[in-house]
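Presented below is the structure to which this report refers.
The values are calculated or read from the model by the stated rules, or taken from the named source; none is laboratory data. These numbers were taken from a predicted model, which means no experiment stands behind them. Cβ sites come from the backbone with ideal geometry, for glycine too, and all protein chains shown count toward neighbours. All accessible areas refer to the heavy atoms of the entire protein, side chains included, with ligands and DNA or RNA removed. Shrake-Rupley method; radii C 1.70, N 1.55, O 1.52, S 1.80 Å.
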Amino acid sequence: MLDLSRLRALHAVSVHGSVGAAAAALGYTPSAVSQQIAKLERETRTTLLERHGRGVALTEEAKLLAETAQRLMAISEQAETALEESRGQPIGRLRVAAFASAARGLLPGVLADLAHRHPALEVRLTEINPHLSMDLVSRGVTDLAVTHDWDIAPLPAPEGVEQAVIGDDRCDLLVPAGHPFTSRDVIHRSDLGGQRWVCQPPGRVCHDWLVRTLRTAGFEPDITHVAEENHTIVSLVAAGLGVAVVPRLGTGTLPPGAVAVPLEPGPVRRLYALWRTGAARRPAITEAVRTLREHWPRVAPRPGDPASVRRSGDPAPQ
């Protein structure tokens, strides 16, 4: 009989494209994943992975097994859900994925709360690109994902995936100290032309929002610096190298040299929890979603919060 854990390892490689990425998603070491697949090759007497440069590719036989693994994992999930539901409390392992600022600004408190309330529940967190969330949930690689969309890019849930709104995260326009915008009460999108921008890479929602917004206002964006992490973007703004639009969640208190100014209308991104329909009745899912929504008001910066709008040189809030 084929071992489900080995099939899960193969399925993870098929989804993530490499042994290392699969290991990170599963919470294993790359050598452990390689060993699982090597055992599966011996059991099936089939070559499953082929070396392509520094990476690997699945053989046709491996692709068939990976598809079978996905179906078996869905059946296993149904059984686990039924068992957990019969006990009436969250138990077992819950794999959670979240984008960077949610993993930093929201999930620590949520995970600590779940661990305290439900010691029989083992939650494992993986930080991921939000663009991958839907696919990872639908494929069964993760049980619950925290993701987001923007007003220009709504997040439609495909068949088999359900979602719940966690809350709204407003974004600020950050400028260097001494920038002319710091003396104004409000900045409109029509005022944004001629600025040098610090932004995330193309393909990220923040980048797409900026490009579409400026072009709609009649400007071609001058993106001079590109960075993945919001903290890096904030540091570049503080160094006087450009302006940026940054979500408040996970940004924290602004460093000296960076100033948040009100942008109207300001962009808002909405946070969601995603899970598979087949696991909707699982107590671990319902409790995790409830806890996410319970914690959101505690961490969501609101308009006027000192940490969001404090200007360089202002005293720290007491």
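For the chain, the carbon plus sulfur part of the accessible surface works out to 52%, probe radius 1.4 Å. Extension gain, residue 4 to residue 215, is 70.9 nm, computed as 0.36 nm per intervening residue step minus the present C-alpha separation.
Ellipticity at 222 nm from helices only: DSSP H runs of n ≥ 4 in the chain, each -39500 (n - 2.57), divided by the residue count, give -12500 deg cm²/dmol. Here's how it looks for residue 167: its modeled amide H is under 5 Å from those of 271, which are all 5 or more places away or on a different chain.
A straight chain from residue 177 to residue 294 at 0.36 nm per residue would run longer than the Cα-Cα distance by 38.5 nm. Select from 116, 131, 225 the residue whose mean-square fluctuation is largest in a Gaussian network model of the chain (Cα-Cα springs shorter than 10 Å). With Cα springs under 10 Å in the chain, the top fluctuation among 116, 131, 225 is at 116.
Would you mind pulling out the separation of the Cα centroids of segment 157-219 and segment 220-242, in Å? Here the two parts' Cα centres lie 12 Å apart. Of the residues 145, 134, 171, the one whose Cα sits farthest towards the positive end of the charge dipole of segment 117-181 is 145 (charges of +1 on Lys and Arg Cβ, -1 on Asp and Glu Cβ, taken about the Cα centre).
With respect to the chain, whose longest principal axis is taken over its alpha-carbon atoms, helix 107-117 is tilted by about 50°.
Between amide H atoms placed 1.01 Å from N, distances below 5 Å from residue 94 occur with 122, 123, 124, all of them 5 or more places distant or on a separate chain. FRET efficiency for the residue 127 to residue 277 pair, using the beta carbon distance and R₀ = 30 Å, is estimated at 0.75.
Stretching residue 185 away from residue 224 to a fully extended chain increases their span by 11.4 nm, per 0.36 nm per residue minus the current alpha-carbon distance. For the chain, the longest principal axis of the alpha carbon atoms and the long axis of helix 205-216 meet at an angle near 40°.
Peptides 236-245, 199-208 ranked from most to least packed, by the mean per-residue count of other Cβ atoms within 10 Å: 236-245, 199-208.
Computed from Cα positions, the angle between helix 4-16 and the longest principal axis of the chain comes to roughly 40 degrees. Inverting the mean 1/r over all pairs of different Cα atoms, compute the Kirkwood radius of segment 1-121 and quote it in Å. It is 16.2 Å.
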